[in-house]
Amino acid sequence: MSESDWQAEVEWAGKMVFLGSDGEGHTVVYDSSEDGISRGIGPMRSLLTTLGACSGMDVVALLKKRKQKLASLKVFVRGERPPYGYPKPYKAIQVKYILSGEGLKKELVEEAVKESMEKFCSVAATLRPGVKITYSYEVLPA
């Protein structure tokens, strides 16, 4: 397999900094901050943000399809890992969606969140065999 066959690349940039790229010019900076200067997100936290982004994109698309006027969406993701030992994989992840928009129907929001987490989000599907993922949502006034 040649270098051009890969879909993503991670390159060491010194100390504990790595640059992840997708071959289309998009780059993510990772860092374990061993020297106390954080230059990027840690890999395990990145996994949480990836789950939130994947599911958030689904929710936006599903609500748009259902003609809901979404004004804002935040996705909070918390992962639980064992305090000791290695490796320290996530055992449980909680996802909470905070949405607002004019006339958002709760039942359509609930349906979109559920469909994302249980049917469409590939990141959740990848994690799910070994990680218990729970989710909730809150609709704020517009």
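Before we move on, is Lys96 without any contact (Cβ under 8 Å) to a residue 60 or more places away in the chain, of a type in the set (D, E, K, R) and under 25 Å from Ala61 (Cα atoms)? Give the steps one after another, and end with the answer.
Details: without any contact (Cβ under 8 Å) to a residue 60 or more places away in the chain: yes; of a type in the set (D, E, K, R): yes; under 25 Å from Ala61 (Cα atoms): yes.
Yes; evaluated as a whole, the condition is true for this residue.
Met16 satisfies every condition listed in (1) surrounded by 14 or more Cβ atoms within 10 Å (Cβ to Cβ); (2) at pLDDT 95 or above except (2). Are any of the residues in segment 84-104 within 15 Å of the chain's Cα centre (by Cα), closer than 30 Å to Ala13 by Cβ and either of a type outside the set (Val, Ile, Thr) or modelled with pLDDT of 95 or more (or both)? Yes, segment 84-104 contains at least one residue that is within 15 Å of the chain's Cα centre (by Cα), closer than 30 Å to Ala13 by Cβ and either of a type outside the set (Val, Ile, Thr) or modelled with pLDDT of 95 or more (or both).
The values are calculated or read from the model by the stated rules, or taken from the named source; none is laboratory data. Quick caveat: nothing in here was measured; it's all calculated off a predicted structure. Here the Cβ is made from the backbone with ideal geometry for all residues, glycine too, and neighbour counts use every protein chain on show.
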